[in-house]
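Participant: Pasting a structure below so you can have a look.
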Amino acid sequence: MQFQTHTPSTDLESHQFLLVDGKASGQWPQWAQDGDRLIESYKSMVLTRVFDTKCIALQRTGKMGTYPSCLGQEAIGVGLAQAMRKEDVFIPYYRDQAAQLVRGVTMVDILRYWGGDERGSDYANCREDLPNCVPIATQCGHAAGIASAFKIRKQPRVAVCTLGDGATSKGDFLEALNLAGLWKLPLVFIINNNQWAISTPRHLQSGLADLADKGQAAAVPGEKIDGNDLIAVYDSVSRAVERARAGKGPSLIEAVSYRLSDHTTADDASRYRSAEEVNRAWQQEPIKRLQQYLNRADLWHEDDEVALQQQCQQMVEAAVETYLKTPPQPPEAMFDYLYAELPKPYQAQYEQVKQKAQGGQYE
Ligand SMILES: Cc1ncc(C[n+]2csc(CCOP(=O)(O)OP(=O)(O)O)c2C)c(N)n1
Ligand SMILES: [Mg+2]
C-alpha cells in the first residue's frame, strides 16, 4: 500500500528493510543495494551521534543552553534529508540536528543556536531552510505557506516538515494538514514518533493506533514506517517527495522511533519511565542496526569504525573551538532578528538597552 488516499496506514513490518538484528528483509530498493550509499548514510548518523553527545557535555559544563538530544532518532533525520533535493525546503522542529547536518547546516550554526546566539539560524549553506521551531507545531502552517508558494509559482519544489508525536494533537498541525489535502500542496509531513512528548506517553496522546491515519480526515495519504530503519525512511520519504514534485499532492509519514535521551537537558526521564523500557528501546536503535548489516556484508570493519570515530571527534572538536571563540553579541542584538524593520514602539526600547549596555549595566 503506497500513499493511497483514504487507505488506512499499513503495519510497520511492510515498511521495514533492516530488521533489529541488522538482517535484511523484503525486496530492497535499487539504491540500497549500493554499499557506498549505505556507508555514506551510516557516517552521517555516527557524526550526528558524536556531535549530539558533545552538545550534552557542553550544556552540563555551562557552555551551552538547554539542549534537546536526538539520540536514537538519527535514521529519521539522515534518511529524510538525503531524500530531498537542495532546492527543496526543510521546515524543522527542534530535534532535527541529523537532518540539518545533512542539509548543510554547520555544527557551528547548531552550537550557536543552542548557545542562545541567533546568528546560528543564519545558515550559509541552505539559506531557504527554516530555523528550528520550538513552539510546538507552529512550523506546520509555515510549511503549508511555503508549499503553497511553490504551487502558485509552478516551481517543482517540495516542502518537508517534521513534527513530534505530541505535536500531532495541536490544531496548527491539523489545520495545515487540512489545507495541504484540500489544495494538493507539494508538502511532506514527517512525524518523529519517538513515543514520548516530554512525560506524556504516546498512548495518552491520541486514541488512534497509527498517527499516520490522521491524514485521512484531510485526504492526505499516510504511511507508517520503522523510523529506526534508514532504508525504510529514505524509501518512504523519497517516494513522498517525488509524488509531491509530480503534482500529486501531500503525504503524511509516521516514522516510529524512540527518544533514548531525556526530553532535554532540563528533564529527568527516569522520573516517569522505566529503565526496562529504555533498555528494550536500545535494542532497536538505528546505528547499531545498520552497522551490523554493513559488518555482515563485509562492507565495514573494526578499523573503519575506529577511524570514523576519530574523524568525527576531530570535526566536532574543531566546531566547538570555533563556537567557544565566537565573540558575544551586544545585548541590543536581541531586537535584530524578529523584524526586517524594527517597529516604532521597539525603537525606544532598543536605544534604552543599547545605552545601558554601553554604560556597563548588564555586566
Ligand atoms: C505551543 C507550545 N506548547 C508547549 C510547549 C512545551 N513543550 C516543549 S516540547 C513539548 C512536547 C513535544 O513532544 P513531541 O511533539 O512528541 O516532540 P518531541 O519533543 O518528543 O520530539 C512541549 C509540550 C511548547 N514548546 N510550545
Ligand atoms: Mg515525541
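Participant: Quick one: is Arg95 in contact (Cβ under 8 Å) with a residue 24 or more places away in the chain and either within 28 Å of Ile231 (Cα to Cα) or not assigned by TED's automatic domain parsing to the domain that holds Leu204 (or both)?
Facilitator: yes
Participant: Still on this structure, please answer the following. Does Ser261 count as within 16 Å of ligand 1 (Cβ to nearest atom), at pLDDT 95 or above and of a type in the set (Ser, Thr, Tyr)?
Facilitator: Answer is yes for this residue.
Participant: If I filter region 1-18 down to residues being open to solvent by less than 60 Å² (accessible area, probe 1.4 Å) and farther than 18 Å from Trp300 by Cα, which single residue comes out as modelled with the lowest pLDDT?
Facilitator: Per the criteria, the residue is Thr7.
Participant: Separate question: Within region 229-275, can you find the residues that are touching a strand residue (DSSP E or B) at 6+ places or on another chain (Cβ under 7 Å), of a type in the set (Ser, Thr, Tyr) and within 13 Å of Ala75 (Cβ to Cβ)?
Facilitator: Ser236, Ser257
Participant: Of (1) touching a strand residue (DSSP E or B) at 6+ places or on another chain (Cβ under 6 Å); (2) within 16 Å of ligand 2 (Cβ to nearest atom), Leu208 satisfies all except one. Which?
Facilitator: (1)
Participant: Of (1) more than 16 Å from ligand 2 (Cβ to nearest atom); (2) within 20 Å of the chain's Cα centre (by Cα); (3) open to solvent by 10 Å² or more (accessible area, probe 1.4 Å), Arg202 satisfies all except one. Which?
Facilitator: Arg202 satisfies every listed condition except (1).
Participant: Identify all residues within region 180-194 that are within 16 Å of ligand 2 (Cβ to nearest atom) and among the hydrophobic types (A, V, I, L, M, F, W, C); write none if there are none.
Facilitator: The answer is Phe189, Ile190, Ile191.
Here is a yes/no grid of residues against (1) over 18 Å from Cys70 (Cα atoms); (2) of a type in the set (S, T, N, Q); (3) open to solvent by 10 Å² or more (accessible area, probe 1.4 Å); (4) assigned by TED's automatic domain parsing to the domain that holds Ser257:
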{"site": "Phe173", "(1), (2), (3), (4)": "yes, no, no, yes"}
{"site": "Lys184", "(1), (2), (3), (4)": "yes, no, yes, yes"}
{"site": "Val188", "(1), (2), (3), (4)": "yes, no, no, yes"}
{"site": "Gln195", "(1), (2), (3), (4)": "no, yes, yes, yes"}
{"site": "Ala209", "(1), (2), (3), (4)": "yes, no, yes, yes"}
{"site": "Gly215", "(1), (2), (3), (4)": "yes, no, no, yes"}
{"site": "Gly227", "(1), (2), (3), (4)": "no, no, no, yes"}
{"site": "Ile231", "(1), (2), (3), (4)": "yes, no, no, yes"}
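Participant: So, of the residues in region 114-145 that are within 18 Å of the chain's Cα centre (by Cα) and among the aliphatic types (A, V, I, L, M), which turns out to be nearest to Arg103 (Cα to Cα)? Break it down into steps so the answer makes sense when it comes.
Facilitator: Looking only at region 114-145, we keep the residues that are within 18 Å of the chain's Cα centre (by Cα), and these are 114, 120-123, 125-144.
Filter once more, so that each one left must be among the aliphatic types (A, V, I, L, M): 130, 134, 136-137, 143-144.
Details: Leu130: 11, Val134: 19, Ile136: 22, Ala137: 21, Ala143: 17, Ala144: 20 Å.
The extreme case among them is Leu130.
Participant: Among the residues of region 151-174, which ones are among the hydrophobic types (A, V, I, L, M, F, W, C), more than 16 Å from ligand 1 (Cβ to nearest atom) and part of a helix (DSSP H, G or I)?
Facilitator: The one that is among the hydrophobic types (A, V, I, L, M, F, W, C), more than 16 Å from ligand 1 (Cβ to nearest atom) and part of a helix (DSSP H, G or I): Ile152.
Participant: Could you list, in sequence order, all residues of region 175-199 that are more than 16 Å from the chain's Cα centre (by Cα) and more than 10 Å from ligand 1 (Cβ to nearest atom)?
Facilitator: Glu175, Ala176, Leu177, Asn178, Leu179, Ala180, Gly181, Leu182, Trp183, Lys184, Leu185, Pro186 - these are the residues of region 175-199 that are more than 16 Å from the chain's Cα centre (by Cα) and more than 10 Å from ligand 1 (Cβ to nearest atom).
Participant: Consider Asp165 carefully, then state whether it is within 16 Å of ligand 2 (Cβ to nearest atom), in contact with a Ser or Thr (Cβ under 7 Å, 6 or more places away or on another chain) and among the charged types (D, E, K, R).
Facilitator: no
The values are calculated or read from the model by the stated rules, or taken from the named source; none is laboratory data. Because the structure is a prediction, the values reported are computed rather than measured. In this analysis, Cβ positions are derived from the backbone assuming ideal geometry, glycine residues included, and neighbour counts consider all displayed protein chains. The accessibility values were calculated without ligands, DNA or RNA, using every heavy atom of the protein model including side chains. Shrake-Rupley method; radii C 1.70, N 1.55, O 1.52, S 1.80 Å.
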